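Have a look at the structure below before the remarks.
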Amino acid sequence: MPTSSLYDRLVALPAPDPGIDASVPPEIIAFNVSVTRRLRSWKKSTLADMAGISLSTLERIERGEKVQPEALDRIGAAFGFEPGYYTAARRPLMPEELAEPENNPYPHIVIVKVSPLDNQAKLRSLAGCDLVVHAPLGGDPEPSSLVSGLFELIEVLAFRLAAGPLLKSSSLGGLRELYRLIFSHLEDMRREGLGVVFGVELDTSSGPPRRVGIVGIAHRDADPAVRARKVLIVDRRHFSGADDQGSQAS
(Lines give C-alpha, C1' and ligand atoms only; values in the text may rest on other atoms or scores of the structure.)
Protein backbone atom coordinates (compact mmCIF):
# COMPACT_ATOMS: atom_id res chain seq x y z
CA MET A 1 0.00 0.00 0.00
CA PRO A 2 1.57 3.35 -0.98
CA THR A 3 2.48 5.92 1.61
CA SER A 4 -0.25 8.26 0.36
CA SER A 5 -2.93 5.65 1.18
CA LEU A 6 -1.54 5.23 4.70
CA TYR A 7 -1.64 9.02 5.12
CA ASP A 8 -5.28 9.11 4.00
CA ARG A 9 -6.11 6.36 6.49
CA LEU A 10 -4.34 8.26 9.28
CA VAL A 11 -6.34 11.39 8.52
CA ALA A 12 -9.57 9.37 8.49
CA LEU A 13 -9.03 7.78 11.91
CA PRO A 14 -11.87 8.65 14.31
CA ALA A 15 -11.13 10.84 17.29
CA PRO A 16 -10.22 8.76 20.37
CA ASP A 17 -12.61 8.47 23.29
CA PRO A 18 -11.21 10.54 26.18
CA GLY A 19 -10.19 8.61 29.25
CA ILE A 20 -10.75 5.16 27.71
CA ASP A 21 -7.87 2.73 27.29
CA ALA A 22 -7.55 1.44 23.73
CA SER A 23 -5.05 -0.46 21.61
CA VAL A 24 -2.92 1.58 19.21
CA PRO A 25 -4.36 1.57 15.64
CA PRO A 26 -2.12 -0.20 13.10
CA GLU A 27 -1.94 3.02 11.04
CA ILE A 28 -0.35 4.90 13.93
CA ILE A 29 2.03 2.00 14.59
CA ALA A 30 3.00 2.06 10.89
CA PHE A 31 3.76 5.78 11.02
CA ASN A 32 5.74 5.46 14.25
CA VAL A 33 7.82 2.48 13.08
CA SER A 34 8.58 4.04 9.69
CA VAL A 35 9.57 7.43 11.12
CA THR A 36 11.65 5.94 13.95
CA ARG A 37 13.48 3.65 11.52
CA ARG A 38 14.25 6.48 9.08
CA LEU A 39 15.42 8.86 11.81
CA ARG A 40 17.98 6.21 12.75
CA SER A 41 18.95 5.77 9.09
CA TRP A 42 18.13 2.06 9.25
CA LYS A 43 17.16 0.10 6.19
CA LYS A 44 14.10 -2.10 6.47
CA SER A 45 16.32 -5.17 6.31
CA THR A 46 18.43 -3.81 9.20
CA LEU A 47 15.42 -3.36 11.48
CA ALA A 48 13.97 -6.74 10.48
CA ASP A 49 17.26 -8.48 11.33
CA MET A 50 17.60 -6.65 14.65
CA ALA A 51 14.02 -7.53 15.60
CA GLY A 52 14.31 -11.14 14.44
CA ILE A 53 11.33 -10.92 12.10
CA SER A 54 10.97 -11.37 8.35
CA LEU A 55 11.31 -8.43 5.99
CA SER A 56 7.81 -9.13 4.67
CA THR A 57 6.40 -8.84 8.21
CA LEU A 58 8.10 -5.46 8.69
CA GLU A 59 6.76 -4.28 5.34
CA ARG A 60 3.25 -5.29 6.42
CA ILE A 61 3.70 -3.32 9.66
CA GLU A 62 4.81 -0.20 7.77
CA ARG A 63 1.80 -0.54 5.45
CA GLY A 64 -0.51 -0.40 8.46
CA GLU A 65 -1.59 -4.04 8.33
CA LYS A 66 -2.32 -6.11 11.43
CA VAL A 67 0.37 -8.58 12.52
CA GLN A 68 0.93 -10.79 15.55
CA PRO A 69 1.60 -8.80 18.75
CA GLU A 70 4.90 -10.69 19.21
CA ALA A 71 6.26 -9.09 16.03
CA LEU A 72 5.37 -5.61 17.33
CA ASP A 73 7.00 -6.36 20.69
CA ARG A 74 10.16 -7.44 18.85
CA ILE A 75 10.16 -4.16 16.89
CA GLY A 76 9.74 -2.17 20.10
CA ALA A 77 12.62 -4.08 21.74
CA ALA A 78 14.87 -3.40 18.72
CA PHE A 79 14.19 0.33 19.14
CA GLY A 80 14.86 0.12 22.88
CA PHE A 81 11.27 0.94 23.88
CA GLU A 82 9.63 -0.38 27.01
CA PRO A 83 7.71 -3.71 26.77
CA GLY A 84 4.23 -3.27 25.34
CA TYR A 85 5.08 0.03 23.62
CA TYR A 86 3.10 -0.99 20.54
CA THR A 87 0.79 -3.63 22.00
CA ALA A 88 -0.44 -2.46 25.41
CA ALA A 89 -3.79 -0.70 25.63
CA ARG A 90 -3.42 2.89 26.80
CA ARG A 91 -5.38 6.07 27.30
CA PRO A 92 -5.13 8.17 24.12
CA LEU A 93 -3.70 11.65 24.54
CA MET A 94 -6.11 14.46 23.82
CA PRO A 95 -5.18 17.25 21.35
CA GLU A 96 -4.28 19.69 24.12
CA GLU A 97 -1.98 17.06 25.66
CA LEU A 98 -0.36 16.30 22.31
CA ALA A 99 0.45 20.00 21.99
CA GLU A 100 2.69 19.80 25.06
CA PRO A 101 6.39 19.47 24.04
CA GLU A 102 7.03 16.61 26.48
CA ASN A 103 4.36 14.51 24.74
CA ASN A 104 5.75 15.01 21.24
CA PRO A 105 8.18 12.14 20.40
CA TYR A 106 9.13 13.79 17.09
CA PRO A 107 9.60 17.52 17.69
CA HIS A 108 11.72 17.89 14.55
CA ILE A 109 9.34 16.11 12.18
CA VAL A 110 7.25 18.00 9.63
CA ILE A 111 4.85 16.56 7.08
CA VAL A 112 5.21 18.34 3.73
CA LYS A 113 2.58 18.11 1.00
CA VAL A 114 4.20 17.18 -2.30
CA SER A 115 3.38 16.62 -5.97
CA PRO A 116 5.35 15.62 -9.09
CA LEU A 117 7.79 18.23 -10.39
CA ASP A 118 6.22 18.44 -13.83
CA ASN A 119 5.48 22.00 -14.96
CA GLN A 120 6.97 25.50 -15.15
CA ALA A 121 4.92 26.89 -12.28
CA LYS A 122 6.29 24.23 -9.94
CA LEU A 123 9.83 24.82 -11.15
CA ARG A 124 9.46 28.56 -10.50
CA SER A 125 8.07 27.88 -7.04
CA LEU A 126 10.98 25.58 -6.22
CA ALA A 127 13.61 27.93 -7.68
CA GLY A 128 12.12 30.84 -5.73
CA CYS A 129 12.76 29.18 -2.37
CA ASP A 130 15.42 30.48 0.00
CA LEU A 131 16.81 26.95 0.31
CA VAL A 132 16.42 23.72 -1.67
CA VAL A 133 17.14 20.40 0.04
CA HIS A 134 17.08 16.76 -0.94
CA ALA A 135 14.84 15.00 1.59
CA PRO A 136 15.54 11.33 2.36
CA LEU A 137 13.08 8.87 0.84
CA GLY A 138 12.79 5.16 1.40
CA GLY A 139 14.84 3.58 -1.37
CA ASP A 140 16.69 6.81 -2.16
CA PRO A 141 18.98 6.34 -5.14
CA GLU A 142 22.73 6.51 -4.76
CA PRO A 143 24.21 9.92 -5.64
CA SER A 144 24.46 10.22 -9.41
CA SER A 145 25.03 12.82 -12.10
CA LEU A 146 21.28 12.81 -12.79
CA VAL A 147 20.42 13.64 -9.17
CA SER A 148 23.14 16.26 -8.67
CA GLY A 149 22.45 17.67 -12.16
CA LEU A 150 18.85 18.41 -11.26
CA PHE A 151 19.87 20.51 -8.25
CA GLU A 152 22.45 22.34 -10.36
CA LEU A 153 19.80 23.19 -12.95
CA ILE A 154 17.41 24.42 -10.26
CA GLU A 155 20.18 26.65 -8.91
CA VAL A 156 20.77 28.09 -12.40
CA LEU A 157 17.04 28.72 -12.79
CA ALA A 158 16.95 30.49 -9.41
CA PHE A 159 19.79 32.74 -10.51
CA ARG A 160 18.15 33.52 -13.85
CA LEU A 161 14.78 34.33 -12.28
CA ALA A 162 16.42 36.57 -9.66
CA ALA A 163 18.58 38.39 -12.22
CA GLY A 164 15.66 38.96 -14.59
CA PRO A 165 16.17 41.82 -17.09
CA LEU A 166 19.88 42.09 -16.27
CA LEU A 167 20.47 38.91 -18.28
CA LYS A 168 18.56 39.85 -21.43
CA SER A 169 21.78 40.19 -23.36
CA SER A 170 23.49 37.26 -21.63
CA SER A 171 25.05 34.40 -23.54
CA LEU A 172 23.45 31.91 -21.14
CA GLY A 173 20.33 31.55 -23.31
CA GLY A 174 16.72 32.39 -22.60
CA LEU A 175 14.43 31.04 -19.91
CA ARG A 176 12.50 29.02 -22.49
CA GLU A 177 15.66 27.12 -23.37
CA LEU A 178 16.49 26.59 -19.69
CA TYR A 179 13.02 25.18 -18.98
CA ARG A 180 13.41 22.88 -21.99
CA LEU A 181 16.75 21.70 -20.62
CA ILE A 182 15.30 21.00 -17.17
CA PHE A 183 12.33 19.07 -18.54
CA SER A 184 14.69 17.09 -20.78
CA HIS A 185 16.74 16.26 -17.69
CA LEU A 186 13.63 15.19 -15.77
CA GLU A 187 12.68 12.96 -18.71
CA ASP A 188 16.15 11.37 -18.59
CA MET A 189 15.57 10.71 -14.88
CA ARG A 190 12.19 9.15 -15.63
CA ARG A 191 13.72 6.85 -18.25
CA GLU A 192 16.25 5.74 -15.65
CA GLY A 193 13.38 4.85 -13.31
CA LEU A 194 13.67 7.87 -11.02
CA GLY A 195 10.56 9.67 -9.76
CA VAL A 196 10.77 13.26 -8.49
CA VAL A 197 8.32 15.04 -6.17
CA PHE A 198 8.58 18.39 -4.42
CA GLY A 199 6.92 20.56 -1.82
CA VAL A 200 7.53 23.83 0.02
CA GLU A 201 7.83 24.24 3.78
CA LEU A 202 7.89 27.56 5.67
CA ASP A 203 10.71 27.23 8.22
CA THR A 204 10.66 29.50 11.27
CA SER A 205 12.88 27.38 13.51
CA SER A 206 16.16 29.26 13.09
CA GLY A 207 15.52 32.96 12.60
CA PRO A 208 13.42 34.87 10.07
CA PRO A 209 10.88 32.79 8.13
CA ARG A 210 12.22 31.25 4.95
CA ARG A 211 10.74 29.07 2.22
CA VAL A 212 12.42 25.68 1.97
CA GLY A 213 11.97 23.61 -1.19
CA ILE A 214 11.86 19.88 -0.40
CA VAL A 215 12.77 17.50 -3.24
CA GLY A 216 12.23 13.76 -2.90
CA ILE A 217 13.76 11.36 -5.41
CA ALA A 218 13.33 7.59 -5.43
CA HIS A 219 13.78 4.74 -7.90
CA ARG A 220 10.52 3.10 -8.92
CA ASP A 221 11.95 -0.35 -8.11
CA ALA A 222 12.22 0.69 -4.46
CA ASP A 223 9.19 3.01 -4.31
CA PRO A 224 6.75 2.24 -7.17
CA ALA A 225 4.30 4.91 -6.00
CA VAL A 226 6.85 7.71 -5.65
CA ARG A 227 5.08 10.03 -8.12
CA ALA A 228 1.75 9.36 -6.40
CA ARG A 229 3.02 10.49 -3.01
CA LYS A 230 0.97 13.20 -1.34
CA VAL A 231 3.34 13.84 1.57
CA LEU A 232 6.96 13.54 2.62
CA ILE A 233 8.00 13.06 6.24
CA VAL A 234 10.98 15.36 6.77
CA ASP A 235 13.33 15.89 9.71
CA ARG A 236 13.56 19.67 10.08
CA ARG A 237 17.16 19.30 11.30
CA HIS A 238 18.14 18.44 7.71
CA PHE A 239 17.77 22.11 6.80
CA SER A 240 17.85 24.01 10.09
CA GLY A 241 21.57 24.76 9.77
CA ALA A 242 21.82 25.13 5.98
CA ASP A 243 22.24 28.57 4.42
CA ASP A 244 22.87 28.15 0.71
CA GLN A 245 20.37 27.45 -2.02
CA GLY A 246 20.97 24.09 -3.63
CA SER A 247 22.22 22.43 -0.43
CA GLN A 248 21.20 18.83 -0.09
CA ALA A 249 20.39 16.78 2.97
CA SER A 250 20.84 13.03 3.00
Being out of contact with any strand residue (DSSP E or B) (no Cβ under 9 Å at 6 or more places or on another chain), within 30 Å of residue 63 (Cα to Cα) and at pLDDT below 80 narrows 140, 221 down to just 221
Scanning region 45-78 for residues that are under 22 Å from residue 234 (Cα atoms), touching a residue at least 40 places away in the same chain (Cβ under 8 Å) and surrounded by fewer than 19 Cβ atoms within 10 Å (Cβ to Cβ) gives 63
Kindly indicate whether any position in region 94-115 is more than 30 Å from residue 69 (Cβ to Cβ), under 22 Å from the mean Cα position of the chain (by Cα), buried (at least 17 other Cβ atoms within 10 Å of the Cβ) and modelled with pLDDT of 95 or more. no
Flagged in region 191-204 as farther than 19 Å from residue 124 by Cβ, of a type in the set (D, E, K, R) and surrounded by 16 or more Cβ atoms within 10 Å (Cβ to Cβ), in numbering order, are 203
Scan region 28-37 and give yes if some residue there is in contact with a Ser or Thr (Cβ under 6 Å, 6 or more places away or on another chain), closer than 24 Å to residue 234 by Cβ and either modelled with pLDDT of 90 or more or surrounded by 15 or more Cβ atoms within 10 Å (Cβ to Cβ) (or both), otherwise no. no
| field | Test result for residue 237, surrounded by fewer than 18 Cβ atoms within 10 Å (Cβ to Cβ) and at pLDDT below 80 | value | yes
Checked 49, 8, 17 against criteria (part of a loop (DSSP other than H, G, I, E, B) and either within 24 Å of the chain's Cα centre (by Cα) or in the same structural domain as residue 88 (by TED's automatic domain parsing) (or both)); the one match is 17
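The values are calculated or read from the model by the stated rules, or taken from the named source; none is laboratory data. Just so we're clear, the structure is a prediction, and the values are computed from it rather than from any experiment. Backbone-built Cβ (ideal geometry, glycine too); neighbour counts: all protein chains shown.
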